[in-house]
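The values are calculated or read from the model by the stated rules, or taken from the named source; none is laboratory data. Here the structure is a predicted model, which means the values were calculated and not measured. Quick reminder, even Gly has a Cβ in these numbers, built from the backbone with ideal geometry, and neighbours come from all protein chains shown. What goes into the accessible areas is simple: the full protein's heavy atoms, side chains included, and nothing from ligands, DNA or RNA. Shrake-Rupley method; radii C 1.70, N 1.55, O 1.52, S 1.80 Å.
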Amino acid sequence: MAHVISFINLKGGVAKTTTTIAVAEILAGEFGKDVLVVDLDPQTNATIQLVSEDKWEELDEHGYTLARLFEDALDPDNARFDLGRTLQKGASYVRAVRTLDLLPSSLKLIDIQDRLATISGGKFYAQNPIDILRKAVKPVLDNYDYVLIDCPPNLGIITLNGLRISEGYIIPTIPDVLSTYGIPQIIRRVEQFSEAIAEEIEPLGIVVTKFQAQMPLHARTVAELRRGRDAEVFETVIPQRQEIAEAAEYTGVSTLRQKWGYRGEYRAFEALTKEIMEVVSP
């Protein structure tokens, strides 16, 4: 069975998507795992990083994104979601990464999100707004070793769809006050959701991102996170580097080190990936 992991933070700009993509590519390219990235974030950053902006625009125009799935739930009489055409095989542009697939996002999810709460229960009350994604991807989940879900920066219905199929979640965060402020709320809300659906969803850990060793604030915040009781903090810290920021640009490269950086950036993501693998498969 696939290990399904959501990546969440209520604040944007914390390298949530970057961390999701880096871990996905390393799982596939370095460890030979079959990986699916599910992009639930309306910003579509994960999608564009994996298949390019031009390809995303083409997919979005033809309705081959997850927006079509959620639109179908709002208008089931005109359902047109096609899992086979929406699923993008071999999504990464890194030539060494061959076993990474993608379910792409769309900007349309911004408007769809607020309407999902109005879904009718349907026949036998079987239609549940938090079960939309689970029902759609169930036929393919067992084709993968890992499914990584890039969630929106909120705990709305679309994020709950991701959590609904997840065994656990990871919180990437910059070690500062604003980025870490919502962590207790995330953990509390997910725990309540887990209890409500009677399914265990574990906080797998906090990932410190964009770390700047020369900043006392960052060092203090990391120490506070490690002393705290909210969740475990992964040992690996992802540094703030230009190479990591540039990796978001869609350009063909041969190796993961070329994409993520030779000055320790790739090794940091590789170490984090190993930690995640150990946490979910001890």
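Values as computed for the structure displayed
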| quantity | calculated |
| --- | --- |
| Of residues in the range 215-245 being at pLDDT below 95 and of a type in the set (S, T, N, Q), the one farthest from residue 161 (Cα to Cα) | 242 |
| Failed criterion for residue 164 (all others in (1) among the charged types (D, E, K, R); (2) closer than 27 Å to residue 14 by Cα; (3) open to solvent by less than 30 Å² (accessible area, probe 1.4 Å) hold) | (3) |
| Filter result for residue 83 (open to solvent by less than 50 Å² (accessible area, probe 1.4 Å), under 21 Å from residue 139 (Cα atoms), within 15 Å of the chain's Cα centre (by Cα) and of a type outside the set (Ser, Thr, Tyr)) | no |
| Matching entry among 171, 183, 187, 201 (being open to solvent by less than 30 Å² (accessible area, probe 1.4 Å), closer than 30 Å to residue 144 by Cα and under 14 Å from the mean Cα position of the chain (by Cα)) | 171 |
| Residue ranges of strands (runs of 3 or more DSSP E) in the range 160-269 with at least 1 members free of Cβ contacts under 8 Å to residues at least 40 places away in the same chain and aliphatic (A, V, I, L, M) | 202-211, 233-239 |
| Lone qualifier among 70, 7, 31 - being within 28 Å of residue 189 (Cβ to Cβ), in contact (Cβ under 8 Å) with a residue 24 or more places away in the chain and over 17 Å from the mean Cα position of the chain (by Cα) | 70 |
| Condition met for residue 127 (in a helix (DSSP H, G or I), more than 30 Å from residue 256 (Cβ to Cβ) and open to solvent by 10 Å² or more (accessible area, probe 1.4 Å)) | no |
| Some residue of the range 8-15 being out of contact with any Pro (no Cβ under 9 Å at 6 or more places or on another chain) and modelled with pLDDT of 95 or more | no |
| Matching residues, the range 137-146, being open to solvent by less than 50 Å² (accessible area, probe 1.4 Å) and either modelled with pLDDT under 95 or within 17 Å of the chain's Cα centre (by Cα) (or both) | 137, 141, 144, 146 |
| All positions within the range 210-236 that are touching a strand residue (DSSP E or B) at 6+ places or on another chain (Cβ under 7 Å) and more than 25 Å from residue 277 (Cα to Cα) | 218 |
| Flag for residue 149 being modelled with pLDDT of 95 or more, touching a strand residue (DSSP E or B) at 6+ places or on another chain (Cβ under 7 Å) and either part of a strand (DSSP E or B) or within 29 Å of residue 264 (Cβ to Cβ) (or both) | yes |
| Residue in the range 88-111 that is among the β-branched types (Val, Ile, Thr), outside any loop (DSSP other than H, G, I, E, B) and loosely packed, with under 13 Cβ neighbours inside 10 Å present | no |
| Matching residues in the range 243-278 - criterion: being of a type in the set (Val, Ile, Thr) and buried (at least 17 other Cβ atoms within 10 Å of the Cβ) | 244, 273, 276 |
